[in-house]
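Below: the structure, in structure tokens.
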């Protein structure tokens, strides 16, 4: 009987079950990777992320002669990941001086970086201006006041104004960001005054408008509605439509394709504003989610009323199930298939530390290696030290070779800031 193969919409491109019955990612046997690098570990298929970057670039090139794709680094803030996307022609957006430092460490030119944030500090803006950052997305009037003081006028600082268009897509409320009552950007009532204020500052160049209505979006129709609300604010040279394209977390998820996504956004811009406008987009999750799997070791199997399979990670390396009730799938890495209904739970002192409720594993036992796919978006980004957990390493795998791009933390790292 042939081995069950990993769902190709969820696992990294090219993943397979090898002749030993083990999962391979990036041509590497994950059982061997766990032996070499330990668990928990984030295993990234470098080839997967490059293929997705190239696919998205090609999709937008089919739709527009004037576009720019900017990697939303908050999804996977890692120097090696930023470097990968920069090599594939992407810019990078950052939301703090810290993310800016990561992008620069990855070799992203400052001129190809944009800074976001609804509460930028003086330090954030000062570093961005002094480094000659490509653009700053202005969220509020204090941003403008600070920039007027920080930019000396010898070279204009390019800015975009973030607008909240009052459009809410069908997604989790915590990741819906463009509705009528949001902490992000200028609402439609206050946007005209903000535009006038920005245009009155000689040292700033208002390049266009920006919006981001939310994440994990399957229905692409709200993008045109959002652009229609911006039409009342005037006609600008460039429009940044944010990101938002969904990723597949389970085999039942089927997000729009890259060509469908690019066509929807380019078509909406042309429909509302006509030809001759630059289109900017900020994909994050859709580029990185499926290129990564997380490996865990099973520490115990407990059969109470329900069966609990406890692993050596949890909310310290994947906070999304606790934050959003996000749904994932899991498999025993060398024994794909189901048969045992169970809850895959973490090691932390919280009853809610449940990675996957109602998982289906193949006779799980202590010592097994569990793989959870689609963990590239916001796993590493939100990793934390709860219960003194050491944040996992990030391992790049490609063509059968693996390398550490972020090392595992040590006890010394936990204590380095104590005085």
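Annotations
- Overall form of region 311-370 per C-alpha gyration tensor (a/c, 1.5; a/b vs b/c): prolate
- Calculated P(r) tail over 14 Å for region 66-136, as whole % of Cα pairs: 49 percent
- Cβ-based exposure ranking for 278, 302, in which fewest neighbours within 10 Å come first: 302, 278
- Note: relative contact order over region 47-287, using C-alpha pairs below 8 Å and six or more positions apart, is 20 percent.
- Note on region 47-287: Rg/Rh from Cα positions, Kirkwood definition for Rh, rounded to two decimals, is 0.94.
- Bins of 10 Å from zero: percent of alpha-carbon pairs in region 262-419: 10, 32, 29, 15, 10, 4, 0
- For the chain, the normalised intensity computed at q = 0.10, 0.13 Å⁻¹ comes to -0.70, -1.11 (log10 of I(q)/I(0), Debye sum over alpha carbons, equal scatterers, no solvent).
- A Gaussian network model of the chain, with springs between Cα atoms under 10 Å, assigns the largest mean-square fluctuation among 301, 311, 293 to 301.
- Residue exposure sequence - 308, 261 - by fewest surrounding Cβ within 10 Å: 308, 261
- When the chain is treated as a GNM with alpha-carbon contacts under 10 Å, the residue of 402, 246, 270 showing the greatest mean-square fluctuation is 270.
- The distance linking region 271-307 with region 371-392 is 13 Å (Cα centroid to Cα centroid, whole angstrom).
- Separation between Cα centres of region 89-130 and region 194-263, rounded to whole Å: 20 Å
- Taking 0.36 nm per residue of separation and subtracting the Cα-Cα distance, full extension of the segment from residue 183 to residue 5 would add 59.7 nm.
- Packing-based exposure ordering (other Cβ within 10 Å, fewest first) of 322, 315: 322, 315
- Residue 327-residue 193 FRET efficiency (beta carbon distance; Förster radius 51 Å; 0.05 resolution): 0.75
- Gaussian network model of the chain, Cα within-10 Å springs - most flexible of 243, 166, 313: 166
- Mean ellipticity per residue at 222 nm, deg cm²/dmol - from DSSP H runs of n ≥ 4 across the chain, formula -39500 (n - 2.57): -7500 deg cm²/dmol
- Within the chain, DSSP assigns beta bridges of which about 50% are antiparallel (rounded to the nearest 5).
- Extension gain, residue 306 to residue 118, is 63.4 nm, computed as 0.36 nm per intervening residue step minus the present C-alpha separation.
We did not get these values from a lab; they are worked out from the coordinates using the rules stated. Keep in mind that what you see is a predicted model, and the values were worked out from it rather than measured. Don't worry about glycine lacking a Cβ; one is built from the backbone with ideal geometry, like all the others, and counts go over all protein chains shown.
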